[in-house]
Amino acid sequence: MPGTTSKPSSQPHSPLPDFCSLPVISALLVVGALCVTLAWLAPQSTRGWRGYSVGMLFVEWVGMVIGVALCKLRPWLLRLPGLLPYAGVWLVMVSIVVLGSVMAQWMDTMLEMQLIPAGSNTFVRDNGLIAALLGAAMLRYFYVLAEWQARLAAVAHARVEALQARIRPHFLFNSMNTVAALVRVDPEAAERTVEDLSELFRAALGQDDTHSGTLGEELHLVDRYLDIEQLRLGERLRVRRELDDLPRDALMPVLLLQPLVENAVRHGVQPLREGGEIVLRGVRAGAMMRIEIDNPLAETPSVGGSGHGLNNVRQRVAYHFGPRASLEAGPQGNRFVVTLQLPIEMHHARTDR
């Protein structure tokens, strides 16, 4: 199962912001517009609406040129060691502003617009100083923001690791008990169970929680688990699958569905003498998919049903998919239904969080 996310970086500094992104370019344009507006509102300003409009046009044009240049140069700037990428960005910003100011002064002279004092380098000098100060301030802001995001990702990663550690022992101990019971009764079934367990163990212990597989792989692991429980519970466990509408290549964190199915077996079917039916239902709606795990509601709650596993899965869903996803659980008549609403993300579209 190919991994698609990366662990938090241990480097002393974070990479440059994505200058091709709309928020970063918008920040450049907004800061430039604010500078022109503040200069126009200054008490000693002698420029009217005409000067304000031309100044706004010039600053926004320079801001767009800076954004495009940094977008194209970012891969080369990232190759520089230490904090030199930030120094490179600063030099590019100041150079473009100075060159743009020289060009604007030349055009003002040629067109005789008289917006810039003729024969004076004050316009170029002042713009260069403003660009140097604002550029340093903005880069400092981007640097602090990137460091904060890196720390937040590290904390979230550590927290989810702890959540996953709570899920794994419960699942593994139950599976080992099943194998121990089958060895004496049905050696062939025990051998098949060991093969199923080997694949489940590989998923549970061989990957960290940032690893993502596909929905098809996750449903395959669920089938492996249900095969084991089928041997233990026999005809008491009945499973109905209505999952044909789901995209099997959609991204899915490893062992996200298995704890929910295990809860359905342990707390829904196992306490009932006659057993019961678990329904796995999935529906696709545009860019979202809904997965339901439906099990009978036992009259007497099983021992150990504290809800920690369900809460852990809910937090893992929030970590991997953000606010677009949700997990709801509760009784509906004589059934207990867990409903997952998840965005559909494909492997080729996945980016680092």
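The values are calculated or read from the model by the stated rules, or taken from the named source; none is laboratory data. Since the model is a prediction, treat every value here as computed from it, not as a measurement. All Cβ positions, glycine included, derive from the backbone under ideal geometry; neighbour counts span all protein chains shown. Surface accessibility is based on the protein's heavy atoms, side chains included, excluding ligands, DNA and RNA. Shrake-Rupley method; radii C 1.70, N 1.55, O 1.52, S 1.80 Å.
Could you do me a favour and compute the accessible area per residue for segment 17-110, 1.4 Å probe, result in Å²?
Values: 5680 Å² over 94 residues.
Normalised by residue count, the accessible surface of segment 17-110 is 60 Å².
Tell me which residues come under 5 Å, amide H to amide H, from Val254 once H is placed; ignore anything under 5 positions away on its chain.
Gly213
Per residue of segment 244-261, in order, report the coupling 6.51 cos²θ - 1.76 cosθ + 1.60 (Karplus, θ = phi - 60°) as ³J(HN,Hα) in whole Hz, putting x for Gly and Pro.
For segment 244-261, the Karplus curve yields 5, 7, 7, x, 6, 8, 5, 5, 8, x, 4, 6, 8, 7, 4, x, 6, 5 Hz.
By how many nm would the segment from Glu147 to Ala132 lengthen if fully extended, with 0.36 nm per residue of separation less the alpha-carbon distance? Please list the in-between numbers first.
On the way: separation 15, 0.36 × 15 = 5.40 nm, distance 2.24 nm.
Between Glu147 and Ala132, full extension yields an extra 3.2 nm.
Provide the FRET efficiency to the nearest 0.05 for the Val194-Phe173 pair, computing r from the beta carbons and using R0 = 25 Å.
On the way: r = 16 Å, r/R0 = 0.63.
Efficiency at R0 = 25 Å is approximately 0.95.
Return the distance in nm (one decimal) between the two label points of a simple spin-label model at Leu41 and Trp106, each offset 7 Å from Cα along Cα→Cβ.
Reported label-point gap for Leu41 and Trp106 is 3.5 nm.
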